[in-house]
1. Would you pick out the residues in the range 86-111 that are among the hydroxyl-bearing types (Ser, Thr, Tyr) and modelled with pLDDT of 90 or more?
2. Could you tell me whether Lys178 is in contact with a Pro (Cβ under 8 Å, 6 or more places away or on another chain) and either surrounded by fewer than 17 Cβ atoms within 10 Å (Cβ to Cβ) or in contact (Cβ under 8 Å) with a residue 40 or more places away in the chain (or both)?
3. For Arg154, work out the one condition from (1) modelled with pLDDT of 85 or more; (2) in contact with a Phe, Trp or Tyr (Cβ under 6 Å, 6 or more places away or on another chain); (3) surrounded by fewer than 17 Cβ atoms within 10 Å (Cβ to Cβ) it doesn't fulfil.
4. Restricting the range 192-207 to residues that are free of Cβ contacts under 8 Å to residues at least 24 places away in the same chain and either closer than 30 Å to Glu161 by Cβ or surrounded by 10 or more Cβ atoms within 10 Å (Cβ to Cβ) (or both), which is nearest to the chain's Cα centre (by Cα)?
5. Would you confirm whether or not the range 28-42 contains a residue that is in a helix (DSSP H, G or I), outside the structural domain of Leu231 (by TED's automatic domain parsing), crowded, with 17+ Cβ neighbours inside 10 Å and modelled with pLDDT under 85?
6. If Gly84 satisfies all but one of (1) over 22 Å from Val187 (Cα atoms); (2) of a type in the set (Gly, Ala, Ser); (3) under 16 Å from the mean Cα position of the chain (by Cα), what's the number of the condition it fails?
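The values are calculated or read from the model by the stated rules, or taken from the named source; none is laboratory data. Just so you know, these numbers come straight off a predicted model, no measurement behind them. Cβ: placed from backbone, ideal geometry, glycine included. Neighbour counts: every protein chain shown.
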Amino acid sequence: MALHAVSRARLARRYRNRHRERAAVTEGRRSVSPSIGSREQETAIERAISQEAHLSRALLGAGTTSIRLTSSGDPGRMYEAFFGLSQGIERIGKLILVADHYARTGAFMAPGDVERYRHDLKRLLKAVEGVATARDIHLDDSPSANTGSKAVIRFLTKFAETDRYYNLNRLSQGDGVKIDDPIAKWVKLVRAEASPRRRTLARDHQEAQNLAIARHMDEHVPLAILDFTSLSGTALNSYAAITKQTQLDEWVAVEGMLLAIRPIRFLSRTIASLDYVR
């Protein structure tokens, strides 16, 4: 959606610049857009916008995909999701502010004006909400209007600013210092904000059957090595425990993805409003 918006904006700018140049020739002078400068500069700006949109899309796509594939057996997926989502939301949010500033003033924001948001996604999304309000974009799914979206942005802000160093901090500070595990915090967030597990007779029957098989294995199949932990850090020391956790992991993965998509939907609607900028 972001790339589609950029493409249409690009065509609009080309049309306006050609129109201005023809008018300048008619008046006996050559002129180009003061905010774009030379054709070479315009091409470089178009490329930069396009590449930033590509990067934002790739990060958000990787983040939502990884969070859907999360399981206790592959916790690295969760970190991949957190990095992708936090960086993707940061970049598309800043791109919205830059594009809106250009639409209103005819010039791009100074680098320092963008950098001052740093990794504070809460403050950045608040600014984007201001853009959306000014453009009559519904704030549905925005942090101000949706508790789930607010919880996601609060979590990702904490991750971007400090929690991404959790494992290294744990190594340097040892077990004596209490540091919240970001994966455990995410599971807690999903349990608090997501819809209750949807039950069906078929699902209940399948889960009961799987659990019966696991209990049979616990009784008759010795465990040579069993060293697993849940996403929340709980030890899994039986086939039955692993089976139950697998069922819970699936729910956390699906509902976590749906939660993460909420602020992305808001950002997508906002950047789509910038199709036809100056």
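1. Step one: list which residues in the range 86-111 are among the hydroxyl-bearing types (Ser, Thr, Tyr), which gives 86, 102, 105.
Within the range 86-111, just Ser86 meets the criteria.
2. Working: in contact with a Pro (Cβ under 8 Å, 6 or more places away or on another chain): no; either surrounded by fewer than 17 Cβ atoms within 10 Å (Cβ to Cβ) or in contact (Cβ under 8 Å) with a residue 40 or more places away in the chain (or both): yes.
For Lys178, the condition - in contact with a Pro (Cβ under 8 Å, 6 or more places away or on another chain) and either surrounded by fewer than 17 Cβ atoms within 10 Å (Cβ to Cβ) or in contact (Cβ under 8 Å) with a residue 40 or more places away in the chain (or both) - is not met.
3. (2)
4. Going residue by residue through the range 192-207, those that are free of Cβ contacts under 8 Å to residues at least 24 places away in the same chain are 196, 198-206.
Still in the list and also either closer than 30 Å to Glu161 by Cβ or surrounded by 10 or more Cβ atoms within 10 Å (Cβ to Cβ) (or both): 203-206.
On the way: Arg203: 30, Asp204: 32, His205: 35, Gln206: 33 Å.
Applying the filter and picking the extreme gives Arg203.
5. The first filter runs over the range 28-42 and keeps only residues in a helix (DSSP H, G or I), leaving 39-42.
Remaining after also requiring outside the structural domain of Leu231 (by TED's automatic domain parsing): 39-42.
In the following step, the residues that additionally are crowded, with 17+ Cβ neighbours inside 10 Å were identified as 42.
Restricting the remaining residues to those that are modelled with pLDDT under 85 gives 42.
Checked against the condition, which is being in a helix (DSSP H, G or I), outside the structural domain of Leu231 (by TED's automatic domain parsing), crowded, with 17+ Cβ neighbours inside 10 Å and modelled with pLDDT under 85, the range 28-42 yields at least one hit.
6. Every condition holds for Gly84 apart from (1).
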